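The values are calculated or read from the model by the stated rules, or taken from the named source; none is laboratory data. Not measured: the values here are computed from a predicted model. Heads up, the Cβs are rebuilt from the backbone with ideal geometry, glycines too, and the neighbour counts pull from every protein chain shown. The accessibility values were calculated without ligands, DNA or RNA, using every heavy atom of the protein model including side chains. Shrake-Rupley method; radii C 1.70, N 1.55, O 1.52, S 1.80 Å.
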Amino acid sequence: FKTPQSGVVVSHSPEKVFTFKVIENSVYIDSFIKSPDKGFYSLSYEYWKKGKDRIVRAFNPDFFILINIADYINKLQQTGADITALRKLQDNQYEFIVKAVEIKSDNDDDETIEPKAKAGKEHFEALNRRLADANPQDFDEESRKYMYSYYTFELLRESDFNNFSRNLKFGTIE
């Protein structure tokens with residue numbers, strides 16, 4: 001079941017469907033966490049409500065998925081997938097990929113979706129830059145191993161789930 005959680009609670013149908021997609025593709029991942037709706041890993045975003053009122057809020061990505069790059073490459077080599085991007089990550093000393101994923105339904109037209117997608121991408125790109133510039137000696141030994149993680153963010157709608165699975169099977173990094 002590849003999660004440290006004793007149970008996975010999902011609040012909406014798209015999250016349930018995505019959970020099954022993660023389980024179906026578990027051969028490619030090391031573990032995942034379905035984060036609670038509040039108080040786990042909060043990302044701030046802002047948007048203009050109806051184009052005129054500036055609103056600042058926060059959200060928790062729904063899932064965090066951990067992939068060991070070396071193991072992933074070994075599995076993908078057997079299928080003939082293009083592992084060039086993954087090798088590049090290894091060449092840059094990365095050992096893990098952490099995918100943060102926010103799930104939305106196809107018919108969700110909330111005006112916060114695009115601002116969340118933008119804030120998530122910007123946050124994890126900034127985190128990757130900070131970790132790349134960090135001195136390993138500034139971290140305790142236990143934390144040091146997580147410095148070598150490459151973070152991505154994806155906001156997925158139900159119609160994107162098959163592409164997510166395909167990207168896992170072919171080693172495509174979003």
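Quick one: in the stretch 104-114, which of the residues that are in a loop (DSSP other than H, G, I, E, B) and surrounded by fewer than 17 Cβ atoms within 10 Å (Cβ to Cβ) is nearest to the chain's Cα centre (by Cα)?
Initially, the stretch 104-114 is screened for residues in a loop (DSSP other than H, G, I, E, B), giving 105-112.
After this cut, where a residue has to be surrounded by fewer than 17 Cβ atoms within 10 Å (Cβ to Cβ) as well, the list is 105-111.
Numbers: Ser105: 17, Asp106: 19, Asn107: 22, Asp108: 20, Asp109: 22, Asp110: 21, Glu111: 22 Å.
Filtering first and then ranking leaves Ser105.
Name the single residue, out of those in the stretch 139-161 being without any contact (Cβ under 8 Å) to a residue 40 or more places away in the chain and in contact with a helix residue (DSSP H, G or I) (Cβ under 9 Å, 6 or more places away or on another chain), that is farthest from Ile69 (Cα to Cα).
Within the stretch 139-161, the subset without any contact (Cβ under 8 Å) to a residue 40 or more places away in the chain is 139-144, 147, 160.
Restricting the remaining residues to those that are in contact with a helix residue (DSSP H, G or I) (Cβ under 9 Å, 6 or more places away or on another chain) gives 139, 144, 147.
Numbers: Phe139: 22, Arg144: 17, Met147: 14 Å.
Taking the candidates together, the pick is Phe139.
Would you mind stating whether Arg130 is without any contact (Cβ under 8 Å) to a residue 40 or more places away in the chain, within 23 Å of Ala70 (Cβ to Cβ) and open to solvent by 40 Å² or more (accessible area, probe 1.4 Å)?
Details: without any contact (Cβ under 8 Å) to a residue 40 or more places away in the chain: yes; within 23 Å of Ala70 (Cβ to Cβ): no; open to solvent by 40 Å² or more (accessible area, probe 1.4 Å): yes.
No: the conditions fail for Arg130.
For the structure I just gave you, tell me whether Ile55 is among the aliphatic types (A, V, I, L, M) and within 21 Å of the chain's Cα centre (by Cα). Walk me through how you get there before you give the answer.
On the way: among the aliphatic types (A, V, I, L, M): yes; within 21 Å of the chain's Cα centre (by Cα): no.
So Ile55 fails the test.
Which condition does Val101 not pass, out of (1) part of a helix (DSSP H, G or I); (2) under 13 Å from the mean Cα position of the chain (by Cα), if it passes all the others?
(1)
Mind listing just one residue for me: the one in the stretch 66-84 that is among the β-branched types (Val, Ile, Thr) and either touching a Gly at 6+ places or on another chain (Cβ under 6 Å) or not in a helix (DSSP H, G or I) (or both) and, of those, least open to solvent (accessible area, probe 1.4 Å)?
Let us first name the residues in the stretch 66-84 that are among the β-branched types (Val, Ile, Thr), namely 67, 69, 73, 79, 83-84.
Narrowing further to those that are either touching a Gly at 6+ places or on another chain (Cβ under 6 Å) or not in a helix (DSSP H, G or I) (or both): 67, 79, 83.
Details: Ile67: 1, Thr79: 87, Ile83: 25 Å².
Only one residue tops the list, namely Ile67.
Given the conditions (1) of a type in the set (D, E, K, R); (2) under 21 Å from Thr19 (Cα atoms); (3) open to solvent by 90 Å² or more (accessible area, probe 1.4 Å), which single one is not true for Glu125?
(2)
So that you can scan it fast, the table gives a plain yes or no per residue for (1) surrounded by 12 or more Cβ atoms within 10 Å (Cβ to Cβ); (2) modelled with pLDDT of 90 or more:
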| site | (1), (2) |
| --- | --- |
| Val10 | yes, no |
| Pro14 | yes, yes |
| Thr19 | yes, yes |
| Val22 | yes, yes |
| Asp30 | yes, yes |
| Lys38 | no, no |
| Trp48 | no, no |
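Out of (1) surrounded by 14 or more Cβ atoms within 10 Å (Cβ to Cβ); (2) in a helix (DSSP H, G or I); (3) over 13 Å from the mean Cα position of the chain (by Cα); (4) not hydrophobic (A, V, I, L, M, F, W, C), what's the single condition that is false for Glu142?
Of (1) surrounded by 14 or more Cβ atoms within 10 Å (Cβ to Cβ); (2) in a helix (DSSP H, G or I); (3) over 13 Å from the mean Cα position of the chain (by Cα); (4) not hydrophobic (A, V, I, L, M, F, W, C), only one is false for Glu142: (1).
Quick test for you: out of Arg57, Arg87, pick the one residue that is surrounded by fewer than 18 Cβ atoms within 10 Å (Cβ to Cβ), outside any helix (DSSP H, G or I) and basic (Lys, Arg). Step through it out loud before you land on a result.
Numbers: Arg87 fails: outside any helix (DSSP H, G or I).
Within the list Arg57, Arg87, the selection yields Arg57.
What number of residues within the stretch 115-138 are touching a helix residue (DSSP H, G or I) at 6+ places or on another chain (Cβ under 8 Å) and outside any loop (DSSP other than H, G, I, E, B)?
Just the residues of the stretch 115-138 that are touching a helix residue (DSSP H, G or I) at 6+ places or on another chain (Cβ under 8 Å), to begin with: 131, 134, 136.
When the remaining residues are screened for being outside any loop (DSSP other than H, G, I, E, B), the result is 131, 136.
The total comes to 2.
If I ask for residues that are under 20 Å from the mean Cα position of the chain (by Cα) and β-branched (Val, Ile, Thr), which ones from the stretch 58-83 would you list?
Ile65, Ile67, Ile69, Ile73, Ile83, listed by residue number.
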